[in-house]
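Trainee: Mind having a look at this structure? Questions to follow.
Just so it is clear, none of the values below were taken in a lab; they were calculated from the coordinates. Keep in mind that what you see is a predicted model, and the values were worked out from it rather than measured. Quick reminder, even Gly has a Cβ in these numbers, built from the backbone with ideal geometry, and neighbours come from all protein chains shown.
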Amino acid sequence: MGKKLLIDNENYSFKKKISIDGDKSISIRALLLGSQAYGKTFIENILLSEDILNSINCLKKLGIKISLIKKKCFIYGRGLNGFKYRRNIVLNAGNSGTFARLILGLLTKSPFYIKLIGDKSLSKRDFSRIILPLQKIGINFKANSNKTLPLQVIGSNFVNPIHYFEKRGSAQCKSAVMLAALNSPGQTVIKAKKSRDHTENIFKYLGIPITVKKNKHYDEIRVTGQKDFRSFKYKIPSDPSSCAFFVVLTLLSKNCKLIIQNVNVNKSRIGYINILNKMGAKIKIRNTRTRFGERQGDVHVESQPTLKKINCPSSLNSNLIDEFLIIFLAAAKANGVSSFYNLSELNKKESPRLKLGSKLLNQLGIKTQLTKDSIKIFGNPYINLKKNINIKDYYKDHRVFMTSVIAAFTFGGKWKINDIDSYKSSFPSFLNIIKKLGLKFKII
């Protein structure tokens, strides 16, 4: 039996200034590019989650020397295609879809098949979206009929630059092709639906030849390959997706104020702040600056007694995809019926999150109308539970767990939340920060 979290909601208030763990998406990209740079790369404030530790172990299996001292990481790269390939390498990405998909783009020159595996959750996720463009570049795969993990990948001596149209708004697909382009002769051209642009930003910061032409709905990205780049220093900003849990906790609580410092406020990552402000929150970003190619700032938030319903524009979905569950909580306490559309991608994450989000709200007594790709949430600003809530069978999805914790503190009731260790894959200090804010829970 796994550990369980017990929460019996009590009155609390806080006025605090906190820091959040480093951004997971950027931590993974910095590791991957550090492995391809010449020399000793230094990454500060790297996220020490299970996903990152699994990523480091995989790179070590590929012959990259990496040392980790608390949140400081040193990577000793040998330049492009600097991996040491051997037979029978098995890379275990654990729960990290980002690492699993992006590393495939860097295996373009492997002379041997490399096996890529993941945990039970990752092994259910679709890899065809990565396999198809990488095959055009010249990488070969052995995969099952569902195109899920485990799979095997082998490189080629004939790597081609391609023209690729990324239609899903997937930063992982786009980034995998960009990383493969590093070893391709000539210029790779990507027409990509709007999504997170961390890979573009770090390419620019490192001086990798890249041009980005931004249009209304798509970006045109051109990467010139086979250009070596030197080692670098990089300080990871705080993860805005992790911040979202504490933003909503503060909003839905009484007499609370919070400042979250040094947050990555890249426009492609703070869609949830825009949505919450449309709902009546007064979240402000102050002390903004650009460092290491990324926009950073301090997020200021305070309790909001009443929130308004939202008809969420689906054009923002790619900027919200990891925060929808916590936004659903805000909608559950809003005045009126909130609507969210075109969310089929949400069921292709670590769990069927759209279905689980609806199930969680129903357990709280919140009415929902669910289709395969949309949800309507009938908010109740006066909800104050007096019953027992048991959260289980949620695929050990870290975001479902953390959303449930925030719900427990803001909706009332007595809660038992199973599979407590799930949050460690992305946000290992989550419960410690809960404690620092003065909120109480028990682990059994």
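Trainee: Based on the Cβ-Cβ distance from Asp8 to Val212, what FRET efficiency comes out when R0 is 45 Å, to the nearest 0.05?
Mentor: Efficiency computed from Cβ-Cβ geometry: 0.35.
Trainee: Still on this structure, I have one more. Tell me the net charge near His398. Cut-off is 10 Å between Cβ atoms, His398 excluded, with +1 for each Lys or Arg and -1 for each Asp or Glu.
Mentor: -3
Trainee: Follow-up question, since we're still on this one. For the range 395-444 and the range 41-111, compute the distance between their C-alpha centroids and round to whole Å.
Mentor: For the range 395-444 versus the range 41-111, the Cα centre distance is 29 Å.
Trainee: What shape does the range 177-228 take by its C-alpha gyration tensor, where a ≥ b ≥ c are the square roots of the eigenvalues and a/c under 1.5 counts as rounded, a/b above b/c as prolate, and the rest as oblate?
Mentor: prolate
Trainee: Please arrange Leu182, Leu252 by how many other C-beta atoms lie within 10 Å of their C-beta, fewest to most.
Mentor: Arranged by neighbour count, lowest to highest, Leu182, Leu252 become Leu252, Leu182.
Trainee: Can you check what the net charge comes to around Thr368, using other residues whose Cβ is under 12 Å from the Cβ of Thr368 (Lys, Arg +1; Asp, Glu -1)?
Mentor: Combined, the nearby Lys, Arg, Asp and Glu give +4.
Trainee: If the elastic network links every pair of Cα atoms under 10 Å, which of Tyr382, Tyr85, Tyr395 fluctuates the most in the Gaussian network model of the chain?
Mentor: Fluctuation is largest for Tyr382.
Trainee: Calculate one ³J(HN,Hα) per residue across the range 369-374 by plugging θ = phi - 60° into the Karplus curve 6.51 cos²θ - 1.76 cosθ + 1.60, and present them in order as whole Hz with x for glycine and proline.
Mentor: Those phi angles translate into 10, 10, 10, 5, 9, 8 Hz.
Trainee: A further question follows. For Gln261 and Leu316, calculate 0.36 nm times their separation in residues minus their Cα-Cα distance, and state this gained length in nm to one decimal.
Mentor: Value of the extension gain: 17.3 nm.
Trainee: Separation between the Ala143 and Phe42 pseudo-spin-labels, each 7 Å from Cα along Cα→Cβ, expressed in nm?
Mentor: 4.0 nm
Trainee: At 0.36 nm per residue, minus the direct Cα-Cα distance, what do Ser374 and Lys442 gain on full extension? Give it in nm, one decimal, please.
Mentor: That works out to 21.0 nm of additional length.
Trainee: Run the dipole for the range 24-224 about the Cα centre, Lys and Arg Cβ at +1, Asp and Glu Cβ at -1, nothing else charged, and hand back the magnitude in debye, nearest 20.
Mentor: 120 debye
Trainee: Could you list Leu5, Leu276, Leu47 so that the one with the fewest beta carbons within 10 Å of its beta carbon is first and the one with the most is last?
Mentor: Leu5, Leu276, Leu47
Trainee: Here's something else I'd like to know. Check Arg125: other-chain or 5+ apart residues with amide H under 5 Å from its amide H, H built from backbone geometry?
Mentor: For Arg125, whose amide H was placed from the backbone, the distant partners under 5 Å are Leu149.
Trainee: May I ask for the distance between the Cα centers of the range 254-268 and the range 297-317, given as a whole number of Å?
Mentor: 12 Å
Trainee: Let me ask something else about it. Which ordering of Ile285, Ile260 is given by a fewest-first count of other beta-carbon atoms within 10 Å?
Mentor: Ordered from fewest to most neighbouring Cβ atoms within 10 Å, Ile285, Ile260 come out as Ile285, Ile260.
Trainee: Here's another thing I want to ask about it. When Lys and Arg each count +1 and Asp and Glu each count -1, what net charge do the other residues less than 10 Å away from Gly118, Cβ to Cβ, add up to?
Mentor: Summing Lys/Arg as +1 and Asp/Glu as -1 gives +2.
Trainee: Here's another thing I want to ask about it. Label Lys61 and Arg86 with points 7 Å out from Cα along Cα→Cβ: what is the distance between them in nm?
Mentor: A separation of 1.3 nm, rounded to one decimal place.
Trainee: With just the Cα atoms of the range 24-224, tell me how far they stretch along each of the three principal axes, in Å, largest first.
Mentor: 42, 39, 32
Trainee: Further question on the same structure: Mind listing the long-range amide H neighbours of Phe232? Cut-off is under 5 Å, sequence gap 5 or more, other chains count too, H placed in the peptide plane at 1.01 Å from N.
Mentor: Residues meeting the criterion, in which the H sits 1.01 Å from N, are Thr41, Phe42.
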